[in-house]
Amino acid sequence: MNMTTATAIPALQARAVYKNYGEIKVLKDVSLDVVAGTTHAVIGPNGAGKTTLFKVLSGEVFANAGAVHLEGRDVSRVPGHARVRQGIGRTFQVARVFAEDDVMANMAIAIESRNAGRDRRFWRSFKVPLDSGVQDEAVEILATVGLAHRVREQAGVLAYGERKRLELAMTLALKPRMLLLDEPMAGMSPGDRQAAVELLKRIAQELNMSILLTEHDMSVVFALADHVTVLNYGEVIASGTPDEVKASPLVREVYLGH
Ligand SMILES: Nc1ncnc2c1ncn2[C@@H]1O[C@H](COP(=O)(O)OP(=O)(O)OP(=O)(O)O)[C@@H](O)[C@H]1O
Ligand SMILES: [Mg+2]
């Protein structure tokens, strides 16, 4: 191991995280390191605790024990909105967009909240015109996700895969260094999935981001991930390169079913 790898600070780290909901122990001693600039997947059966782990990492909920470190800083008690300012961006298992607003207005909400903490939804009824810088940036980011041609469309009428891409564009507008994607391909057709894999590969490279994602589709996981962590009943049962994880007898037994 050379000095660079020995001293590199992980982009995001869970250290012995426990999370309970009442009596239910959802996460038990979960640790993982997202190496800066890499794509890391968390896989596991339904109910394994993947979304809960994302909530703990993004600050939507706090862990009962253990710690979360963002670029070396302990953010365990930092709420989610403040973690966004410190470089975390997150999308949700079911895409969250403002359905009654058009695509441009959705982007403006994200860009302006980054710039000034201002909430355009409040000003919407006053028809405050959009700054041309905001519009240019919105179109530029929408182009990265292939949605520039839908800019005047109401978000609520977008196809499911397009809505996911709009949510991703809104998250990218926050300029995260660490991107958390909870089932980014869920509900997409195989064709859309393939396109989304290419899109994420390109974004990871061009924007030099670290990505943590959950995904049920193993072909997506193995196409994208540099590192895979496997959760089962809230515990890490394997962690390694895609090939190492595929070869693990325990993973095959409890997760892949053979
Ligand atoms: N707010 C909550 N209150 C009580 N139990 C919860 C809560 N959120 C999650 N759980 C439970 O925690 C466990 C893990 O849920 P979680 O949503 O994290 O799993 P997951 O791995 O994301 O599953 P999926 O693959 O279906 O998305 C489940 O048994 C779930 O019922
Ligand atoms: Mg989930």
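The values are calculated or read from the model by the stated rules, or taken from the named source; none is laboratory data. Just so it is clear, the structure is predicted and the values come from calculations on it, not from any experiment. Because the Cβ atoms are built from the backbone with ideal geometry, glycine has one as well, and the counts that use them run over all protein chains shown. For the accessible areas, the whole protein counts, side chains as well, though only heavy atoms, and no ligand, DNA or RNA atoms are used. Shrake-Rupley method; radii C 1.70, N 1.55, O 1.52, S 1.80 Å.
Leaving ligands, DNA and RNA out of it, report the carbon-plus-sulfur percent of the accessible area of segment 1-105 at a 1.4 Å probe. Walk me through the numbers on the way to the answer.
Numbers: 2790 of 5040 Å².
Within segment 1-105, the accessible surface is 55 percent carbon and sulfur.
Before I look further, what does the chain give for accessible area per residue, probe 1.4 Å, in whole square angstrom?
Using a 1.4 Å probe on heavy atoms only, each residue of the chain averages 48 Å².
What number, in nm² with one decimal, is the all-direction average of the projected area of the convex hull of the alpha-carbon atoms of the chain?
Mean projected area of the Cα convex hull: 15.0 nm².
Pull out the extension gain between Ala67 and Glu198, defined as 0.36 nm times the separation in residues minus the alpha carbon to alpha carbon distance; nm, one decimal.
Length gained, Ala67 through Glu198: 43.8 nm.
Could you list the trypsin sites (Lys or Arg not before Pro) in segment 134-200 that lie in coil according to DSSP, counting only those with at most 12 other Cβ atoms within 10 Å of their Cβ? Please report the intermediate quantities before stating the final value.
Working: sites: Arg150, Arg152, Arg163, Lys164, Arg165, Arg177, Arg193; in loops: Arg152, Arg177.
Passing both the DSSP loop test and the Cβ count: Arg152.
Looking at the chain as a GNM with Cα springs under 10 Å, which of Ile211, Ile43, Ile109 has the largest mean-square fluctuation?
Result for the chain, Cα springs under 10 Å: Ile109 fluctuates most.
Taking R0 as 51 Å, what's the FRET efficiency between Glu23 and Asp136 from their Cβ-Cβ distance, rounded to 0.05?
So the FRET efficiency works out to roughly 0.45.
Hey, with R₀ at 51 Å, roughly what FRET efficiency would Asn208 and Tyr233 work out to, going by the Cβ-Cβ distance, to 0.05?
Working: r = 35 Å, r/R0 = 0.69.
Approximately 0.90, to the nearest 0.05.
I'd like the antiparallel share, as a percent to the nearest 5, of DSSP beta bridges with both residues in the chain.
That works out to approximately 55 percent antiparallel.
With +1 on each Lys and Arg Cβ and -1 on each Asp and Glu Cβ, and nothing else charged, work out how big the dipole of the chain is about its Cα centre, in Debye to the nearest 20.
It comes to approximately 580 debye.
Between Lys246 and Arg85, 0.36 nm times their residue separation minus their Cα-Cα distance comes to what?
Full extension of this stretch gives 54.3 nm more.
Can you show me the helix-derived [θ] at 222 nm for the chain, built from DSSP H runs with n ≥ 4 at -39,500 (n - 2.57) apiece and divided by the number of residues, rounded to the nearest 500.
Theoretical 222 nm ellipticity from helices: -10500 deg cm²/dmol.
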